[in-house]
Amino acid sequence: MAFLGHVLISAFAGLRGGWRFSSRDLGQVTAECSARAVPIVSVVNLLVGAILAFVGAVQLVKFGAGIFVADLVGIAVAREMAAVITAVVMAGRTGAAFAAELATMQAGEEIDALEVLGLDAVDYLVLPRVIALLLMMPLLFVYATLAGLIGGLIVATGMLGLSPAAYIDRSFEALTLTHLGLGFSKSFVFGALIALVGCYCGLHARRNAAGVGIATTQAVVASIVGIIVIDAIFAVCANALDI
């Protein structure tokens with residue numbers, strides 16, 4: 001909580017008086033969190049959408065309701081799977097990278113050098129990473145949702161013989177802004193969680209090689225557990241609010 005408060009104070013100070021980190025650093029981190037993550041995010045969510053469609057088709061075809069595979073895939077991907085799977089991938093990819101990078105700087109006393117110069121590590125190292133993930137995770141969610149729907153489309157047309165037009169029309173009927181908005185809001189929260197956990201573990205790592213590995217492992221495990229817990233909270237709140 002103290003670390004979260006420190007980050008929030010630095011963020012509000014930056015909004016009032018200007019950011020202290022380099023725009024070049026923000027651009028590099030943003031590129032790492034966005035364009036370079038799109039291939040793995042797209043492939044994983046494509047396969048998840050295909051798996052959901054296959055499992056649903058096996059059951060629904062028994063009742064002659066194969067067309068409702070589009071409903072199953074669309075709602076499941078938009079509300080849950082796209083945000084969660086993307087967050088898990090980013091936790092293992094980007095969150096671990098944040099933790100390893102900052103832990104290495106901690107071991108090399110680079111962070112101590114910043115403090116000696118009167119520079120706050122949160123301002124220069126943490127904020128650009130948090131901002132990058134906050135901005136990019138919702139965009140990755142959009143890519144993930146499209147990939148999941150395409151995966152379901154491939155299975156539905158190949159296994160059930162549905163026409164692509166019928167599947168797409170049914171998907172548009174099933175999906176609403178409520179489903180997409182819920183997944184979008186989840187991705188925003190997951191992005192903040194992954195960035196904060198990765199930076200926290202990196203800044204508090206032990207000053208040796210083993211500490212780098214431990215910090216990286218802790219960041220990934222804590223992020224994934226946090227993602228599941230937050231997703232459960234969202235599910236309970238959505239049910240209580242009848243969303």
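The values are calculated or read from the model by the stated rules, or taken from the named source; none is laboratory data. Just so it is clear, the structure is predicted and the values come from calculations on it, not from any experiment. In this analysis, Cβ positions are derived from the backbone assuming ideal geometry, glycine residues included, and neighbour counts consider all displayed protein chains. The protein model used for the area step is the full one, side chains on, heavy atoms only, and it has no ligands, DNA or RNA in it. Shrake-Rupley method; radii C 1.70, N 1.55, O 1.52, S 1.80 Å.
Quick notes
- Taking the listed residues Thr30, Thr86, Thr94, the one that is in contact with a Cys (Cβ under 7 Å, 6 or more places away or on another chain) and part of a helix (DSSP H, G or I) is Thr94, with no other qualifying.
- Any hit, region 211-220, residues being touching a residue at least 12 places away in the same chain (Cβ under 8 Å) and in contact with a Ser or Thr (Cβ under 7 Å, 6 or more places away or on another chain): yes
- Complete set of residues in region 29-44 that are in contact (Cβ under 8 Å) with a residue 12 or more places away in the chain and either under 15 Å from Leu153 (Cα atoms) or of a type outside the set (S, T, N, Q) (or both): Val29, Glu32, Cys33, Ala37, Val38, Ile40, Val41, Ser42, Val43, Val44
- Consider region 1-57 and keep the residues that are of a type in the set (Phe, Trp, Tyr) and either open to solvent by 70 Å² or more (accessible area, probe 1.4 Å) or closer than 23 Å to Gly74 by Cα (or both). The one that is modelled with the lowest pLDDT is Trp19.
- For Gly151: the one exception among (1) over 27 Å from Glu115 (Cα atoms); (2) buried (at least 24 other Cβ atoms within 10 Å of the Cβ); (3) more than 20 Å from the chain's Cα centre (by Cα): (3)
- Selected residue (only one of Leu117, Leu102, Leu134, Leu127 is in contact (Cβ under 8 Å) with a residue 60 or more places away in the chain, of a type in the set (A, V, I, L, M) and open to solvent by 40 Å² or more (accessible area, probe 1.4 Å)): Leu134
- Region 88-99 - residue that is of a type in the set (Val, Ile, Thr) and farther than 15 Å from Tyr200 by Cα and, of those, least open to solvent (accessible area, probe 1.4 Å): Val89
- Pairing each residue of region 57-86 that is over 27 Å from Ala232 (Cβ atoms) with any residue that is open to solvent by 50 Å² or more (accessible area, probe 1.4 Å) and not aromatic (Phe, Trp, Tyr), provided the two are 6+ apart or on different chains, yields C-beta distances under 6 Å for Ala57/Met159; Ile67/Arg170.
- Only one entry of Leu47, Leu4, Leu26 meets the criterion of being closer than 22 Å to Ile168 by Cβ, among the hydrophobic types (A, V, I, L, M, F, W, C) and touching a residue at least 12 places away in the same chain (Cβ under 8 Å), and that entry is Leu47.
- Hits in region 234-243 - residues which are part of a helix (DSSP H, G or I) and either surrounded by 11 or more Cβ atoms within 10 Å (Cβ to Cβ) or polar (S, T, N, Q) (or both): Phe234, Ala235, Cys237, Ala238, Asn239
- Some residue of region 164-171 being touching a Gly at 6+ places or on another chain (Cβ under 6 Å), touching a residue at least 60 places away in the same chain (Cβ under 8 Å), open to solvent by less than 40 Å² (accessible area, probe 1.4 Å) and not aromatic (Phe, Trp, Tyr): yes
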